[in-house]
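Working notes, structure below.
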């Protein structure tokens with residue numbers, strides 16, 4: 001074997017030199033690599049956050065769900081899929097899932113419907129419009145516990161709402177002690193507090209709809225109904241998708257309202273899944289079963305979000 | 001040189017032993033058995049009180065203990081909110097951050113069953129001057145397993161009938177001596193009709209905390225479950241009669257505020273309330289009042305008490321030191337100090353005069369009548385392992401009771417259906 005021979009590019013002589021590595025090794029930090037590193041550094045905080053607050057807890061949740069953990073002694077016993085089997089035989093779970101569906105459905109329909117209605121009404125120019133916008137948005141910034149506590153007093157049998165109803169000759173009811181009215185009360189309390197967010201999002205979307213489209217429609221003698229359903233709604237459909245996702249996720253996460261207003265009662269009428277998870281894991285100290293239910297809740301949220309994401313192709317209109 | 005060194009060493013050892021022996025004999029009568037280095041032991045005790053006077057008393061006792069126990073660095077009393085106390089405590093235990101000592105109420109059975117508490121009987125019996133036999137036997141059951149005591153029942157507060165004399169006078173009513181529940185309900189109904197104020201309020205019930213209804217159903221001879229905790233008692237006839245009385249009081253006689261209606265006796269909203277004697281601290285003098293033993297039920301006179309205990313957790317890294325401190329905290333001298341806030345478990349302290357010495361709200365005669373005379377036969381509130389789960393299931397089933405047309409026996413039967421699987425575990 002002979003040493004490699006390099007040709008002098010200037011053509012003077014040919015010289016024998018010691019073997020050398022590839023020339024590129026001296027410039028490892030190419031522009032592309034620097035750009036990639038910059039990108040990774042930018043997303044690092046988010047990656048750490050997701051790892052610490054999502055991936056690791058979900059992993060631990062799976063681990064706990066397959067163990068029986070005696071919290072008083074710290075002893076843990078592997079029980080495999082017993083908690084998953086217990087989900088199928090839990091006599092309270094059908095009632096809990098039913099309450100979750102009613103609560104989430106009620107909140108989503110009312111919240112999006114009312115939010116859109118308010119946005120359409122407040123997308124006009126009239127005196128005091130800013131005041132009304134502020135008024136409807138202000139509950140969003142109030143602490144959820146404080147908000148719910150006040151509503152709790154108002155909804156008592158001898159509370160403010162029944163007092164007002166009585167003053168105008170309408171018999172009140174014991175709002176929080178009857179199943180149907182308790183659920184209605186919890187839904188309304190949640191909607192009134194959070195409708196401002198959807199209203200603002202819809203308002204922003206409505207103001208992004210080009211005015212010339214409305215002008216053209218009016219020239220063509222389109223009715224208000226046609227304009228709304230053929231122009232407004234398609235153009236704000238991306239926002240509709242966004243609000244639908246965040247409202248459903250928010251409804252499935254609603255906890256403080258239930259804990260403060262009804263503690264899941266009467267019966268199981270207002271025991272939604274997230275409150276049931278809390279009861280099992282932290283009140284009953286059954287961390288394993290609570291984790292199993294939490295994973296079920298996570299699956300629901302993921303499934304609904306994926307479903308909406310897939311369905312968006314059918315009803316969401318993107319200008320580009 | 002070597003001889004001199006040996007001599008010096010011997011003198012040093014003798015001097016050290018002398019100092020240690022001197023310290024031991026001159027200080028606390030309880031010998032210091034710990035081998036911990038000075039200042040190396042930090043103890044933490046969770047409590048649910050945030051009362052400054054009570055915390056000052058605890059800190060005073062801790063300071064006195066530290067003077068004679070060099071190994072103790074700090075003793076901290078951590079106040080946790082009462083409403084979330086059990087959840088917070090169990091979360092601390094699960095998270096590996098358990099306190100060394102803890103107050104406990106209805107969590108005691110779970111902690112004892114799980115073996116999470118340090119047995120106390122031997123330590124307390126062997127502690128000089130502690131006088132274990134002074135403990136009233138009727139109050140240690142909730143915190144014992146067989147003959148072994150796992151928590152010291154520092155607070156034993158019987159439930160009593162508080163009467164707002166002003167409201168009764170306003171309604172033209174007079175409470176008979178040794179009233180029955182029926183009489184209390186009749187007067188309550190009359191008060192409600194005449195003044196609009198509530199009749200009787202079972203404090204802390206609020207159509208949710210059903211276990212305090214034991215203050216009523218015990219008068220009918222009913223019990224939530226049998227002594228072994230294996231057989232549901234809600235579907236008994238006695239329990240049905242007791243709940244029929246309560247249902248009637250809420251929906252027919254309106255002698256008790258209905259579901260969702262709020263009335264606070266201590267704010268002057270009702271004629272009567274059933275509450276623990278320790279609640280007398282809430283009396284602010286804005287109305288004239290009297291305190292009596294619980295009204296008699298169909299089975300006659302009876303008494304119910306609420307308790308709190310303090311124990312040492314097995315998970316503590318300083319079990320020995322924490323147990324020694326508990327023995328000191330609850331010795332006769334300190335128990336007498338604690339008695340100003342909490343009705344004590346020691347017979348020697350249970351006289352009306354002694355309790356009244358530090359109680360500005362109730363007279364010696366009242367305290368004799370509602371505390372001292374009641375404790376020996378008092379029945380504790382229902383307690384069981386898995387208390388929160390049982391509480392939730394009973395509450396969920398009992399919600400159907402609180403409608404005007406409820407089928408009382410059917411609802412009570414459904415209560416047993418829901419908790420039978422838990423009682424049989």
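To the nearest 500 deg cm²/dmol, what mean residue ellipticity at 222 nm is calculated for chain B from DSSP H runs of n ≥ 4 alone, each contributing -39,500 (n - 2.57), summed and divided by the residues? It would help to have the intermediate numbers written out before the result.
Working: 15 runs with 158 residues, N = 425.
Computed mean residue ellipticity for chain B: -11000 deg cm²/dmol.
Using the C-alpha gyration tensor of the protein assembly as shown, what are the square roots of 5 times its eigenvalues, in whole angstrom, with the largest one first?
Values: eigenvalues 631, 450, 108 Å².
Working through the eigenvalues yields semi-axes of 56, 47, 23 Å.
So if R0 is 35 Å, what FRET efficiency would residue B:424 and residue B:148 give, r being the distance between their Cβ atoms, rounded to the nearest 0.05?
Numbers: r = 25 Å, r/R0 = 0.71.
The computed FRET efficiency comes out at 0.90.
Fewest first, what order do B:248, A:220 take by the number of other Cβ atoms within 10 Å?
Details: B:248 16, A:220 9.
Starting with the residue having the fewest Cβ neighbours, the order is A:220, B:248.
How well do other chains shield peptide B:401-409, expressed as the mean number of their Cβ atoms within 10 Å of each residue Cβ? Spell out each step's value before the answer.
Numbers: counts 1, 5, 4, 0, 0, 0, 0, 0, 0.
So the per-residue partner count for this stretch is 1.
Against the longest principal axis of chain A, how steep is helix A:179-207, in degrees 0 to 90 to the nearest 10, with axes from Cα atoms?
Approximately 50 degrees, to the nearest 10.
For the range B:234-310, what class follows from the C-alpha gyration tensor (a ≥ b ≥ c being the square roots of its eigenvalues): rounded when a/c is under 1.5, otherwise prolate if a/b is larger than b/c, else oblate?
Working: a/c = 1.94, a/b = 1.28, b/c = 1.52.
Oblate, since a/c reaches 1.5 and b/c is not below a/b.
What's the average, rounded to a whole number, of partner chain beta-carbon atoms within 10 Å of each residue's beta-carbon in A:280-293?
Numbers: counts 3, 3, 8, 9, 10, 12, 3, 3, 0, 0, 0, 0, 0, 0.
Partner Cβ neighbours, averaged per residue: 4.
Remind me, relative contact order of chain A in percent, using alpha carbon pairs under 8 angstrom and six or more residues apart? Each step should come with its number before you reach the end.
On the way: 330 pairs, mean separation 77.1, N = 320.
Dividing the mean separation by the residue count of chain A yields 24 percent.
Which whole-number percent gives the relative contact order of chain B, counting Cα pairs below 8 Å spaced six or more residues apart?
Values: 733 pairs, mean separation 94.6, N = 425.
Relative CO of chain B lands at 22 percent.
Once you sort the root eigenvalues of the Cα gyration tensor of the range A:92-315 as a ≥ b ≥ c, which label holds: rounded (a/c under 1.5), prolate (a/b larger than b/c) or oblate (the other case)? Please report the intermediate quantities before stating the final value.
On the way: a/c = 2.53, a/b = 1.43, b/c = 1.77.
Oblate shape, in that a/c is at least 1.5 and b/c is the bigger or equal ratio.
Please determine, in degrees from 0 to 90 and to the nearest 10, the orientation of helix B:181-195 with respect to the longest principal axis defined by the Cα atoms of chain B, where the helix direction is its Cα long axis.
On a 0 to 90 degree scale, this one is about 70.
Go ahead and run the numbers for FRET between residue B:67 and residue B:417, Cβ-Cβ distance against an R0 of 51 Å, rounding to 0.05.
Values: r = 58 Å, r/R0 = 1.13.
Calculated transfer efficiency: 0.30.
Per 0.36 nm of contour for each residue apart, how much would the distance between residue A:127 and residue A:51 grow if the chain were fully extended, relative to their Cα-Cα spacing?
On the way: separation 76, 0.36 × 76 = 27.36 nm, distance 4.97 nm.
Taking 0.36 nm per residue and subtracting the Cα distance, the gain is 22.4 nm.
Just grab the label-to-label distance for residue B:353 and residue B:128, each label 7 Å out from Cα along the Cβ direction, in nm (one decimal).
3.0
With every atom except the alpha carbons ignored, what do you get for Rg and Dmax of the range A:186-279, in angstroms?
19.0, 60
For B:203, A:225, A:33, what ranking results if the residue with the fewest other Cβ atoms within 10 Å of its Cβ goes first?
On the way: B:203 21, A:225 8, A:33 11.
Ranking B:203, A:225, A:33 by Cβ neighbours within 10 Å, fewest first, gives A:225, A:33, B:203.
If you average the sequence gap of Cα pairs under 8 Å that are 6 or more apart and divide by the length of the range B:254-367, what percent do you get for the contact order? If you can, show how the numbers build up before the last one.
Numbers: 67 pairs, mean separation 19.7, N = 114.
Rounded, it is 17 percent for the range B:254-367.
By how many nm would the segment from residue A:114 to residue A:167 grow when fully extended, if each residue of separation counts as 0.36 nm and the alpha-carbon distance is taken off?
Numbers: separation 53, 0.36 × 53 = 19.08 nm, distance 2.74 nm.
Result: 16.3 nm gained on full extension.
Considering only DSSP beta bridges where both residues belong to the protein assembly as shown, give the percentage that are antiparallel (nearest 5). Don't skip to the answer; put the middle values down first.
Working: 31 of 47 bridges.
Once the DSSP bridges in the protein assembly as shown are tallied, antiparallel ones form about 65 percent.
If I fit a long axis through the Cα atoms of helix B:2-26 and take the longest principal axis of the Cα atoms of chain B, what angle between them do I get, 0 to 90°, rounded to 10?
With rounding to tens, the tilt is 20 degrees.
Pairwise over distinct Cα atoms, reciprocal of the mean inverse distance: report the Kirkwood radius of chain B in Å, one decimal place. Present the calculation step by step, with values, prior to reporting the outcome.
On the way: mean 1/r = 0.0424 Å⁻¹.
Hydrodynamic radius (Kirkwood, Cα pairs) of chain B is 23.6 Å.
Report for chain B the percent antiparallel among DSSP-assigned beta bridges with both residues inside it, nearest 5. Mind showing how you got there, number by number?
Numbers: 24 of 40 bridges.
The antiparallel proportion sits near 60 percent.
Sorting B:232, B:416 on the 10 Å Cβ count, fewest up front, what's the list? Could the numbers behind the result be given before it?
Working: B:232 24, B:416 19.
If I rank by nearby Cβ atoms, fewest first, I get B:416, B:232.
Nearest 0.05, what FRET efficiency do residue B:97 and residue A:222 give at R0 = 60 Å with Cβ-Cβ as r? Intermediate results must be reported in sequence, preceding the final value.
Numbers: r = 66 Å, r/R0 = 1.11.
Rounded to the nearest 0.05, the efficiency is 0.35.
Counting only other chains, and only Cβ atoms inside 10 Å, what mean value do you get across the residues of B:389-398? Working shown, then result.
Working: counts 6, 1, 2, 11, 2, 0, 5, 10, 1, 3.
The mean count of partner-chain Cβ atoms within 10 Å per residue comes to 4.
For labels at residue A:303 and residue A:78 in the simple 7 Å Cα→Cβ model, what's the distance in nm?
2.8
Can you compute the modelled spin-label distance between residue A:145 and residue B:53, with each label point 7 Å from Cα toward Cβ, in nm?
Between residue A:145 and residue B:53, the label points sit 2.8 nm apart.
Where a number appears in this text, it was derived from the coordinates with a stated rule and is not lab data. Bear in mind that the values here come from a model prediction, so they are computed numbers and not experimental data. Counting neighbours? That spans all protein chains shown, and the Cβs are built from the backbone with ideal geometry, glycine included.
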